[in-house]
1. Across segment B:56-86, which residue is surrounded by the fewest Cβ atoms within 10 Å (Cβ to Cβ) among those that are more than 14 Å from every other protein chain (Cβ to nearest Cβ) and closer than 21 Å to A:Asp176 by Cβ?
2. In segment B:37-50, how many residues are open to solvent by less than 30 Å² (accessible area, probe 1.4 Å) and either outside the structural domain of B:Asp111 (by TED's automatic domain parsing) or hydroxyl-bearing (Ser, Thr, Tyr) (or both)?
3. Taking the conditions exactly as written (among the hydrophobic types (A, V, I, L, M, F, W, C), assigned to a loop (DSSP other than H, G, I, E, B) and open to solvent by 10 Å² or more (accessible area, probe 1.4 Å)), does B:Leu191 satisfy them or not?
4. For the structure I just gave you, tell me whether A:Ala78 is small (Gly, Ala, Ser), assigned to a helix (DSSP H, G or I), in contact with a Leu (Cβ under 8 Å, 6 or more places away or on another chain) and free of Cβ contacts under 8 Å to residues at least 40 places away in the same chain.
5. Hey, among the residues in segment B:87-139 that are polar (S, T, N, Q) and surrounded by 24 or more Cβ atoms within 10 Å (Cβ to Cβ), which one's nearest to A:Arg173 (Cα to Cα)?
6. Please go through segment A:303-329 and give me each residue that is surrounded by fewer than 21 Cβ atoms within 10 Å (Cβ to Cβ), assigned to a helix (DSSP H, G or I) and of a type outside the set (A, V, I, L, M), ordered by number.
7. What's the total number of residues in segment B:402-416 that are open to solvent by 30 Å² or more (accessible area, probe 1.4 Å) and of a type outside the set (D, E, K, R)?
8. Return yes when A:Pro351 is outside any strand (DSSP E or B) and surrounded by 23 or more Cβ atoms within 10 Å (Cβ to Cβ) and no when it is not.
There are 2 protein chains.
Amino acid sequence: MASVNRPDLLADVPIRSLLATDWYELDISDRNYRCGFNQRETFELFSRSAPFGGAYMICAGTVRALTYLLFTLTEEEAEWLVQCGLSEEFVGYLLSAGSDLFKGVDIWIVDEGRVVFPYEPLMRVQGPTIPVQMLETYALNAVNFSTLVATKAARMRYAAGERAVLLEFGMRRAHDLSHLVAARCAMIGGLDASSNTYASRIYGTQPRGSVMHSQIQRYDDELEAFRTLYQCALDKDRVTLLLDTYDAIQGAYNAVKVAEEMRRDGHELYAVRLDSGDLASLSRRVRSILTEAGFPNVKIILSGDLNEERIEQLVQAGADFDILGLGTELVTCAGQPALPGVYKMTATSDPNTGQAVGRIKLSNDPAKSTLPGAHQVYRFYSSDGMMQRDVIGLDPDDADLAESGGEPLLRQVVKDGEILLPPLSPSERLMEAKKRAAEDLRRLPKQYLALKGAPKFPVVLSKRTMELRESLARELEASPHCAGQQIPDWDES
Amino acid sequence: MASVNRPDLLADVPIRSLLATDWYELDISDRNYRCGFNQRETFELFSRSAPFGGAYMICAGTVRALTYLLFTLTEEEAEWLVQCGLSEEFVGYLLSAGSDLFKGVDIWIVDEGRVVFPYEPLMRVQGPTIPVQMLETYALNAVNFSTLVATKAARMRYAAGERAVLLEFGMRRAHDLSHLVAARCAMIGGLDASSNTYASRIYGTQPRGSVMHSQIQRYDDELEAFRTLYQCALDKDRVTLLLDTYDAIQGAYNAVKVAEEMRRDGHELYAVRLDSGDLASLSRRVRSILTEAGFPNVKIILSGDLNEERIEQLVQAGADFDILGLGTELVTCAGQPALPGVYKMTATSDPNTGQAVGRIKLSNDPAKSTLPGAHQVYRFYSSDGMMQRDVIGLDPDDADLAESGGEPLLRQVVKDGEILLPPLSPSERLMEAKKRAAEDLRRLPKQYLALKGAPKFPVVLSKRTMELRESLARELEASPHCAGQQIPDWDES
């Protein structure tokens, strides 16, 4: 039963109320409940475009979306809902149903960390009208931001190269409590650790940090500040010095003095950090000062409003760094702070036969039309193991695509309202997703990794998806509902 | 004592751990603790620019920032901190200190809802080195996003005019759990209510919503869908119909049919919603269809990626609306998803005399220099009650500015670690902030409200602030720390 407590899934979900949704999900469900409207419906969650001008997304948040199935309603919340205008019948039902609210619901998700493309469902929800509708807002909230940050992080990792250590430093600029999931999804997308202590504890990673300018300012003299940072360090081989409080080059010479004192004591300076100025040229000058003084192995940390484009520029300008601190641009997803993910009804059941019936919504904007049916995404690889193309097929009708080598991306994780995912610690779940992302990004042909101007990855429709879509579109175009809307162009597999 | 439980302050703060900060705040505090470094310091939180190209900000999140003083550490968290590399001495201190950790800390804040300008401290923290440093990350996280959203909302309210009802619809695109604070600060800045049910319950507002496209698609026929929405409504005078699932104009004619049926039953159709297409022209056509059919009072709701510029365009294009649904652009603060708020040390105490000593940080970028001293902001009004200029003075030295009519914006809310704020429900606190914002925006001369190209509001330095700053800058410029950095130009009061 979904009601079984799942601390592994809820460890990073501090708000656990069925109220965590838009009012209309409850208000309309109330009407459907009282009118006895109930059918089996299929909803799919997808984005019509990849963010930041790239070709791909890193799927994330699909597990978080499921936690709504574990939420409850308190007596006080129930009373308040009635005061707000819901019916006592429906609220009483929500209260008494408990986890039975989601009975009959089946959910398929793309695993976190997988590379996905526009129009591919990241989540497919099938079940009775009320629970599948109620899930909409929460699922979108969970998937949109997580996928966005994981994708942003993957782009930054791509720009920085595989060698650099990338640290998430964004809590102070993150959108309030989103700092937690931002740290998580930054790591899924390719970062190594976070400065966010709370997130590090939840996700089982070593929190990382350096030193703030105010600590240097606490001393009249920079050299004294550096020396004290060393002398007071518990682990004297992990000392980081911040060079740019006054003048970064002078700071580098002061760092050398302290590094020499440390070496006399049997310790090595771990790192220096530059947080402002022309990072490319400063980092090279600092490296040469350190190297000439006999400290070539001191790590150089760069930070300061870095995004993937600026990282690319740093690399091209020959910046010399070992570690990047990535904050504001990463956690706020500057450039595109929202993934335009949507949750659309793609099939219903025939009230008489119970048979699935594809649903299409046409639009004056062809890109906004939906794909009818319940879908599975089949991924095909070339003989060298690289991703070749994805086929959006019908589930189960196109199962033969799996037999011919297509890897199904969606897998069932909820059956009849019960979450099937095995218990995994938040840390294990994060590390699995991170591994998947790294593997998938290695199998994505290089041209699709470009930050800008990447070609569209081939995502095509199966013959059956195409036929269903065209027959429904023809039907709808002939109906009084249609006012000149078109279906978008798709390639067939 | 700060340890007194403050459910009123914590109702919307589900993460309540001292770990909710950057690692370096703890790591460096550990060193200061073990080295016995302790002095009285002043930190100020401010933004060097107003967001979205505007002239002003709506202060928010300053109360939320204080909740860190109520946080604790569990035994398990303490153990984990030691595993991560903190000293047992320091962690033991954190664990045993409890609320005494913040003993000696005094905090002044600008009340939520006040109009503020670049460089003005929204928060001033004075106290011993360790607690004032530890507060940094959390305070910035709390203030940066809240102030950003409240400001975005105020801009949208300005564009929409005072008459329109503005609803926050953004939960599905908000950055994960930031949906809660986004709803709150949207209302502070000028919105009327939110679709976010959980937030509405916490903040005591009536949740609002309309109807989703999938509900219309559940019926073969739009008219049948509309009719059922009416028939199943609990409050039959609050029915909203969504017009654009198929064709908005056809939808309007169907809405008229249902409105006629409703009137025969003694009810009036409440509203219709348009969510796509050319909203300006569609809304006018829908209004004329409704009016000609005898339903001039039906409210028209417009939505669909609206931001302040698009609202302004709608108004200029003569769109006819009563209610706007504002989502993605508002809650993600698209355009500028981060307020560049910083938390800087502006004074320390002389180790021998205990006297406050202003601290200045010069920078190669003059805008990045800090203002030394502990400041108060004095606001002066013209005889007509409109804001004239703000003076950043020294506290308490410039107290005479208050006697000469300057309104002090910062007020002390924490004394010796104790939060002085009277208990107020989250709803009352929100409504007070909302009222302040509305009042302040009325007193801000019109030219500063412009969405783009607004002049800079006059914020000047008091004579004493100016003198302190110049004497410290001269001192620093003469020191080996300085490498050609400059102090920025400021006007004197």
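1. By that ranking, first place goes to B:Leu70.
2. Adding up the residues that qualify gives 2.
3. So B:Leu191 does not fit the description; no.
4. Taking the combined requirement at face value, the residue satisfies it.
5. So the residue we want is B:Thr137.
6. A:Glu309, A:Arg310, A:Glu312, A:Gln313, A:Gln316
7. Looking only at that region, the number is 5.
8. In short, no.
The values are calculated or read from the model by the stated rules, or taken from the named source; none is laboratory data. Note that the coordinates shown come from a computational prediction; the quantities given were computed from them, not determined experimentally. Heads up, the Cβs are rebuilt from the backbone with ideal geometry, glycines too, and the neighbour counts pull from every protein chain shown. Accessible surface is based on the protein model in full, side chains and every heavy atom, while ligands, DNA and RNA are left aside. Shrake-Rupley method; radii C 1.70, N 1.55, O 1.52, S 1.80 Å.
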